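A.B. asks: Please find one structure pasted underneath; my questions will follow.
The values are calculated or read from the model by the stated rules, or taken from the named source; none is laboratory data. Since this is a predicted model, take the numbers as computed values, not measurements. Note that we place each Cβ from the backbone using ideal geometry, even for glycine, and neighbour counts take in every protein chain shown. The protein model used for the area step is the full one, side chains on, heavy atoms only, and it has no ligands, DNA or RNA in it. Shrake-Rupley method; radii C 1.70, N 1.55, O 1.52, S 1.80 Å.
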Amino acid sequence: MSGHDSKYFSTTKKGEIPELKEELNSQYKDKRKDAVKKVIAAMTVGKDVSSLFTDVVNCMQTENLELKKLVYLYLINYAKSQPDLAILAVNTFVKDSQDPNPLIRALAVRTMGCIRVDKITEYLCDPLQRCLKDDDPYVRKTAAICVAKLYDINAELVEDRGFLDALKDLISDNNPMVVANAVAALAEIQESSSRPIFEITSHTLSKLLTALNECTEWGQVFILDALSKYKAADAREAENIVERVTPRLQHANCAVVLSAVKMILQQMELITSTDVVRNLCKKMAPPLVTLLSAEPEIQYVALRNINLIVQKRPTILAHEIKVFFCKYNDPIYVKMEKLEIMIKLASDRNIDQVLLEFKEYATEVDVDFVRKAVRAIGRCAIKLERAAERCISVLLELIKIKVNYVVQEAIIVIKDIFRRYPNTYESIIATLCESLDTLDEPEAKASMIWIIGEYAERIDNADELLESFLESFPEEPPQVQLQLLTATVKLFLKKPTEGPQQMIQVVLNNATVETDNPDLRDRAYIYWRLLSTDPEAAKDVVLAEKPVISDDSNQLDPSLLDELLSNIATLSSVYHKPPEAFITRVKTTQKTEDEEYADAGEQGYSDSPAGVAESGVSPPASTAIAQHPAARQPATPAAPALPDLLDLGMDNSNSAIVSADQPAAPAGPPLPVVLPASSGQGLQISAQLVRRDGQVFYSMMFENNSQVPLDGFMIQFNKNTFGLAAGGQLQVPQLLPGTSASTLLPMVLFQNISPGPPNTLLQVAVKNNQQPVWYFNDKIYFHVLFTEDGRMERSTFLETWKSLPDSNEVSRDFPSSVINGVETTLDRLASSNMFFIAKRKHANQEVLYLSAKIPQGIPFLIELTTVIGTPGVKCAIKTPSPEMAPLFFEAVETLLKS
Amino acid sequence: MISQFFVLSQRGDSIVFRDYRGDVPKGSAEIFFRKVKFWKEDGGEEAPPVFNVDGVNYFHVKVVGLLFVATSRTNLSPSLVLELLQRISRVIKDYLGVLNEDSLRKNFVLVYELLDEVVDFGYVQTTSTEILKSYIFNEPIMIDAGRLPPLGPAAMFMQGTKRMPGTAITKSVVANEPGGRKREEIFVDIIEKISITFSSSGYILTSEIDGTIQMKSYLTGNPEIRLALNEDLSIGKAGGRSVYDYGGSAGSGAVILDDCNFHESVHLDSFDVDRTLTLVPPDGEFPVMNYRITQEFKPPFRINTLIEEAGSLKAEVILKIRAEFPSDITANTILVQMPLPTYTSRVSFELEPGAVGQTTDFKESNKRLEWSLKKVLGGSDHTLRAKLTFSQESHGNITKEAGPVSMTFTIPMYNPSRLQVKYLQIAKKSKTYNPYRWVRYVTQANSYVARI
């Protein structure tokens, strides 16, 4: 070969394509090869060279493997856009698949499998059948993967032609490479099929464990990952498995090590002997630590996994805290993860060493890292009671350096320490106050104000300090305003003198009249009312003892942690999210030409993937925030003291959903009365769940038939089957006697889900300022939950119907329902998000097929059978959640009637 | 399984792009690059190696300034993908001799051929250069290696002593020498990266050696090789003793590895008996053994920092480094760095009289002092005085706002662990067969930090 490949990239003038065409048809082999290279070069930089298809395919019949490979590369790229021409290549493919040279045989099936053109696929089956039984392992291992390719294009074909059995046979192949690929292919097929295809029995287990020893490193990962789904029968079997897997810990490939760790952790759950478990922990520690000597990228993955492992089994690395000390040249993403693990491993024994490190980190250059280090000190103080004092003295030292962001971060964590150890460290308040002027971050300011309010009686000039903040009250961010409001009330309750009294008036005025912020206004009104009606009660509420916060460094919910641990060595363990939260690729079996439909079918994970992505991509930042739920509590210190208000007051994060014009009277039929005036001391409430614009609302009407104006309406929902709860605040104005008001309350799902079998009971509590709390029962109309994306493509419908076991089919007769006109009925059902798919005639009966979907992507496949105009409708449904069937039937019956 | 593989230049140009499954949209390379470039608005923070955008998972590693990226939609093993990306870069380097944008572009056909054999439908098939050789037909086009910085830890031998042929590590394992015949040779490199943190009083807080025995064989016929290590080598911390006890093991005791792992070609049959490794080295560069040591060792450099305040707006920093290794050994490319207080406005330097090959700099943008020395002989010491001028009064304690002092260096023919290759035996019948054997040692600073 002459010259450099890069010359193929050189720009040519106008006649590029004709020129290439000519060269491709040259009689000289070398010239043809060069020409194909040029074509590929053009292809890789994104130029369209599809018009040369015929000419390139003509070069395919060659003994020269180098040239053949190039042509195949071209075919993979363009066959799809030229399906009619692609058929030209079929003959050569089939011929190549029987070539005496195994490389050519393998190349042919490998390439055919990559071409997603029906005509080619048809011709793939016979060669594939042969290649799966080929004498050469290279051909067999290529064929094994090819079955997975074919399954992705046409699953039915794979099953019809018996390729699955052939693939299963390959598990017993004598070549470990073939075994590994067969395992990989079967695992992938299983992933996209709902039927059991690849189940690991104790027999396959022993075969795979044997193959494990001879496999390439990558094959070992495939096999270990497949085996991790195996549940050992008893402790003895688990121990046997572990014994076979443990040598993998010594592997130089980090992926092998982590997959082995996953396998061992899983089997350990079954092992009862504490000695064995302890021994295994001991064996796992050095390889885990060794992962931290790999490239920083691998270290990051290892650290995210170790984070999970030490939460479950803190002893494994209890003595290794030093290896998590940050290196000067670690990338920031590694440092952040190390800090997290250092906090988790910090104990009374090593805290001095750890604090020394944190202190050093807190003077480094990277601001985010410094902040996290300061926070880490605070978290250690909260976690380790005996070390709290030392932590505080380190924080004070840091404050003295007077680096602005260090000071602010320190104040934030000191506030948490005060929450954790009340009345213990107030002596440092004076030092904190020195930094008052430099605070410019909302959270730091709010924390400082909280401290002043909380300890107002011990700070001589607390009123002066707070007053200095008050001047800028209107400009402060909401977080600071809320804190100022609460702190001023505390000050007033603790020192009810003239100064504070004036201050409180200014604050309350600012927070009620001058502000647009509903949170602030509501809180201010509550204080105002408390203070004006019963100052003693106000004291009880505002100055109530706060629940003690605890160490939050083991923040993962145990069930989530277990799920993540079973996903060690997968992305899930890096994002710290269950797989379904970020995997959008489901069941590729029905990938059709029409991508949009395929997408619609995946709406089950309706949470915006972007949101998942955002938090998934920035674990350090987001977890740092998420880990402080308890610590943040002091920001709303009044909250725990006001549980009687049905927990209504403070949780209004969703209030923005309610647009200003929403409370306008909803049109339509009158709402059913849920609380008659006779039982509501003159207050009558009518309400019903409705669906508008893809959202569930609670449409309500209040009529005041009493003699007094009613105001301050609040609402709360008891736990219910669907976890329906208010998605915002109830927007009802003051109701004068004899007037009424309507409102649409946005609802959210899956908040407080009641256990037990599904039912439609919705228990509601409504309160206002003048009357006792009213409780009433309403009914959840199941069809308001039907989502707009419930439409299914016909083929998807069939596929889903087939994939669900027969036990999921339920039917019921509605003897009194009548369908008079198919069209009108379908229109009506469609308006409730039940979508028509197909119909057929069966004798004199009309059979209608429809689909619907409820949130969380649970589909309902419906078959309605009836004689038009005659009472009696039979409804059969299939769904993955048959327990919802009674509710569903009720809804259908209602819809057919209306 | 992965969906796509691509290589991007530092500017974000796609140099190589291979789609294996067609389930990730084409624009993924641009989406990825934008995300990595603007991870945080100020661009200050590095993107983690694994992240998810719109349901697509992106994995990347950086190799010689290039971004090696893979995408996937499934919940696969991230360490597998990251390891694979590293291996792909190594295989390509084995073939091309030199890995950079230029060599990739010149050899794109070969690279695509490699990628098709390494990964099929997103599943890794093999990353062994040895195995790949039987399936790969394109020949590499060599680029002029002389003017290019080579890749990999062994690259440090380029500046090493004359005894070593500098071209070896930029030689393709498949391409023939211009003379036609391949030179029979084998390289065994013992590379140790050391991390030390000194406390402000000079006491060692943490120390660690990450070692690798790296091999690159150009022997024909793949003969079996025996590598003998120190006989008194032991693995695992001795019973019950924790990493923190430096006491007992100091001095000239045995070499104790905390942990080690081996390449899959290595047979350990006699390792437990006489500490020899037997292997048939595959072609290409690969680590025979990785090891980790926290046993105390003698640090090659001691760092002394003195800060004297001279009035409220001035201070003097005196940096002193002392080379504590034998005088027949020379360290190369030493760089000492120290962050100064943010309000430092000017720095004037004073080198010791007669200093050769030393340069100093004050990096205004990140307020960092840099002192570089071309060579440092064992046993010698060097001092730098830096006079600082501040734009505002210090908050009182300069040591809290400056430092720590960090060092990077390379020391050829020296390894602090004292792990040795006692002999390297090549099993081949013929008496006349006597290939070149290179056993080389080198030590590099990983995180070498002295707090002040």
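A.B. asks: Give the residues of segment B:47-103 that are on the phi > 0 side of the Ramachandran plot and either touching a residue at least 60 places away in the same chain (Cβ under 8 Å) or within 8 Å of chain A (Cβ to nearest Cβ) (or both), sorted by residue number.
C.D. replies: Across segment B:47-103, the qualifying residues are B:ASP54, B:GLY55, B:VAL64, B:GLY97.
A.B. asks: Go through (1) open to solvent by 10 Å² or more (accessible area, probe 1.4 Å); (2) modelled with pLDDT under 85 for A:GLY727 and report which single condition fails.
C.D. replies: Just one mismatch for A:GLY727, condition (1).
A.B. asks: Could you check segment A:749-770 and list, in sequence order, the residues that are part of a strand (DSSP E or B), open to solvent by 30 Å² or more (accessible area, probe 1.4 Å) and either within 30 Å of A:GLU883 (Cα to Cα) or among the polar types (S, T, N, Q) (or both)?
C.D. replies: Passing the criteria: A:ILE753, A:LEU761, A:GLN763.
A.B. asks: Please work out which one of (1) in contact with a Pro (Cβ under 9 Å, 6 or more places away or on another chain); (2) surrounded by 15 or more Cβ atoms within 10 Å (Cβ to Cβ) is the condition B:TYR436 fails and give its number.
C.D. replies: All conditions pass for B:TYR436, except number (2).
A.B. asks: Select from segment A:559-571 the residues that are crowded, with 23+ Cβ neighbours inside 10 Å and either within 14 Å of the chain's Cα centre (by Cα) or in a helix (DSSP H, G or I) (or both) and list them in ascending order.
C.D. replies: A:LEU564, A:LEU571
A.B. asks: On the basis of being more than 19 Å from A:GLN483 (Cα to Cα), assigned to a helix (DSSP H, G or I), acidic (Asp, Glu) and open to solvent by 20 Å² or more (accessible area, probe 1.4 Å), does A:ASP348 make the cut? Steps first, please.
C.D. replies: Values: more than 19 Å from A:GLN483 (Cα to Cα): yes; assigned to a helix (DSSP H, G or I): no; acidic (Asp, Glu): yes; open to solvent by 20 Å² or more (accessible area, probe 1.4 Å): yes.
Taking the combined requirement at face value, the residue does not satisfy it.
A.B. asks: From the residues in segment B:371-390 that are under 24 Å from the mean Cα position of the chain (by Cα) and open to solvent by less than 40 Å² (accessible area, probe 1.4 Å), which one is farthest from B:LYS314 (Cα to Cα)?
C.D. replies: Step one: list which residues in segment B:371-390 are under 24 Å from the mean Cα position of the chain (by Cα), which gives B:371-378.
Within this subset, residues satisfying the condition of being open to solvent by less than 40 Å² (accessible area, probe 1.4 Å) are B:371-373, B:376, B:378.
On the way: B:TRP371: 20, B:SER372: 24, B:LEU373: 26, B:VAL376: 30, B:GLY378: 34 Å.
Per the criteria, the residue is B:GLY378.
A.B. asks: Still on this model: Kindly indicate whether any position in segment A:841-853 is touching a residue at least 24 places away in the same chain (Cβ under 8 Å), under 27 Å from A:GLY723 (Cβ atoms), among the acidic types (Asp, Glu) and not in a loop (DSSP other than H, G, I, E, B).
C.D. replies: Checking segment A:841-853: not a single residue is touching a residue at least 24 places away in the same chain (Cβ under 8 Å), under 27 Å from A:GLY723 (Cβ atoms), among the acidic types (Asp, Glu) and not in a loop (DSSP other than H, G, I, E, B).
A.B. asks: Kindly provide the set of residues from segment B:26-46 that are more than 10 Å from chain A (Cβ to nearest Cβ) and among the charged types (D, E, K, R), ordered by number.
C.D. replies: B:GLU30, B:ARG34, B:LYS37, B:GLU41, listed by residue number.
A.B. asks: Just to be sure before I move on: is A:LYS80 open to solvent by 50 Å² or more (accessible area, probe 1.4 Å), within 11 Å of chain B (Cβ to nearest Cβ) and assigned to a helix (DSSP H, G or I) in the structure I sent?
C.D. replies: Against the criterion (open to solvent by 50 Å² or more (accessible area, probe 1.4 Å), within 11 Å of chain B (Cβ to nearest Cβ) and assigned to a helix (DSSP H, G or I)), A:LYS80 qualifies.
A.B. asks: From A:LEU292, A:LEU265, A:LEU258, A:LEU308, which residue is more than 30 Å from B:PRO339 (Cβ to Cβ) and at the interface with chain B (Cβ under 10 Å from one of its Cβ atoms)?
C.D. replies: None of the others qualify; the one that does is A:LEU258.
A.B. asks: So, one more: Based on this model, can you work out whether A:LYS322 counts as within 13 Å of chain B (Cβ to nearest Cβ) and within 18 Å of A:VAL374 (Cα to Cα)? Please lay out each step first, then the result.
C.D. replies: Numbers: within 13 Å of chain B (Cβ to nearest Cβ): yes; within 18 Å of A:VAL374 (Cα to Cα): no.
No; evaluated as a whole, the condition is false for this residue.
A.B. asks: Also, quick follow-up: Give me the residue from segment A:771-787 that is in a loop (DSSP other than H, G, I, E, B) and polar (S, T, N, Q) and, out of that set, surrounded by the most Cβ atoms within 10 Å (Cβ to Cβ).
C.D. replies: A:THR787
A.B. asks: Any residue that is buried (at least 23 other Cβ atoms within 10 Å of the Cβ) and assigned to a helix (DSSP H, G or I) - is there at least one of those in segment A:268-277?
C.D. replies: no
A.B. asks: Does segment A:238-246 contain any residue that is within 14 Å of another protein chain (Cβ to nearest Cβ) and within 18 Å of B:SER79 (Cα to Cα)?
C.D. replies: Among the residues of segment A:238-246, not one is within 14 Å of another protein chain (Cβ to nearest Cβ) and within 18 Å of B:SER79 (Cα to Cα), which makes the answer no.
A.B. asks: Starting from residues that are of a type in the set (S, T, N, Q), outside any loop (DSSP other than H, G, I, E, B) and within 10 Å of chain A (Cβ to nearest Cβ), keep the ones in segment B:388-447 and report whichever is farthest from B:GLU184 (Cα to Cα).
C.D. replies: Ranking the qualifying residues of segment B:388-447, first place goes to B:THR399.
A.B. asks: Please go through segment A:822-844 and give me each residue that is within 17 Å of A:GLY869 (Cβ to Cβ) and surrounded by 11 or more Cβ atoms within 10 Å (Cβ to Cβ), ordered by number.
C.D. replies: Passing the criteria: A:VAL822, A:THR825, A:LEU826, A:ARG828, A:LYS839.
A.B. asks: Is it fair to say A:ARG161 is modelled with pLDDT of 90 or more, out of contact with any Ser or Thr (no Cβ under 8 Å at 6 or more places or on another chain), crowded, with 22+ Cβ neighbours inside 10 Å and away from chain B (no Cβ under 12 Å)?
C.D. replies: Spelling it out, it is not the case that A:ARG161 is modelled with pLDDT of 90 or more, out of contact with any Ser or Thr (no Cβ under 8 Å at 6 or more places or on another chain), crowded, with 22+ Cβ neighbours inside 10 Å and away from chain B (no Cβ under 12 Å).
A.B. asks: Additional query: Select from segment A:727-744 the residues that are among the hydrophobic types (A, V, I, L, M, F, W, C) and either in a loop (DSSP other than H, G, I, E, B) or in contact (Cβ under 8 Å) with a residue 60 or more places away in the chain (or both) and list them in ascending order.
C.D. replies: A:LEU730, A:VAL732, A:LEU736, A:ALA741, A:LEU744
A.B. asks: Please report, ordered by residue number, the helices (runs of 4 or more DSSP H) entirely within segment A:137-214 with at least 3 residues that are within 20 Å of A:TYR230 (Cβ to Cβ).
C.D. replies: It comes to A:163-170, A:176-192, A:202-214.
A.B. asks: Given the options B:VAL174, B:VAL255, name the one that is modelled with pLDDT under 90, crowded, with 17+ Cβ neighbours inside 10 Å and under 19 Å from B:ARG292 (Cα atoms). Spell out how you get there, then give the answer.
C.D. replies: Working: B:VAL174 fails: under 19 Å from B:ARG292 (Cα atoms).
Exactly one of B:VAL174, B:VAL255 is modelled with pLDDT under 90, crowded, with 17+ Cβ neighbours inside 10 Å and under 19 Å from B:ARG292 (Cα atoms), namely B:VAL255.
A.B. asks: Then there's this: Could you say which residue among B:ASP23, B:ASP13 is under 25 Å from B:LEU99 (Cα atoms), open to solvent by 20 Å² or more (accessible area, probe 1.4 Å) and within 11 Å of another protein chain (Cβ to nearest Cβ)?
C.D. replies: Testing whether each residue is under 25 Å from B:LEU99 (Cα atoms), open to solvent by 20 Å² or more (accessible area, probe 1.4 Å) and within 11 Å of another protein chain (Cβ to nearest Cβ) leaves just B:ASP13.
A.B. asks: Quick one: how many residues across segment A:704-720 are surrounded by 20 or more Cβ atoms within 10 Å (Cβ to Cβ) and not in a strand (DSSP E or B)?
C.D. replies: 1
A.B. asks: Let me ask something else about it. Of the residues A:LYS29, A:LYS80, A:LYS47, only one is closer than 18 Å to A:ILE115 by Cα and in the same structural domain as A:THR121 (by TED's automatic domain parsing); which?
C.D. replies: The unique qualifying residue is A:LYS80.
A.B. asks: Taking segment A:869-890 on its own, how many of its residues are in contact with a helix residue (DSSP H, G or I) (Cβ under 7 Å, 6 or more places away or on another chain) and either closer than 13 Å to A:SER811 by Cα or modelled with pLDDT under 85 (or both)?
C.D. replies: 9
A.B. asks: Something else: When you scan segment A:227-241, how many residues do you find that are open to solvent by 10 Å² or more (accessible area, probe 1.4 Å) and outside any loop (DSSP other than H, G, I, E, B)?
C.D. replies: The qualifying residues number 5.
A.B. asks: Within segment A:800-817, which residues are crowded, with 18+ Cβ neighbours inside 10 Å and in a helix (DSSP H, G or I)?
C.D. replies: A:THR800
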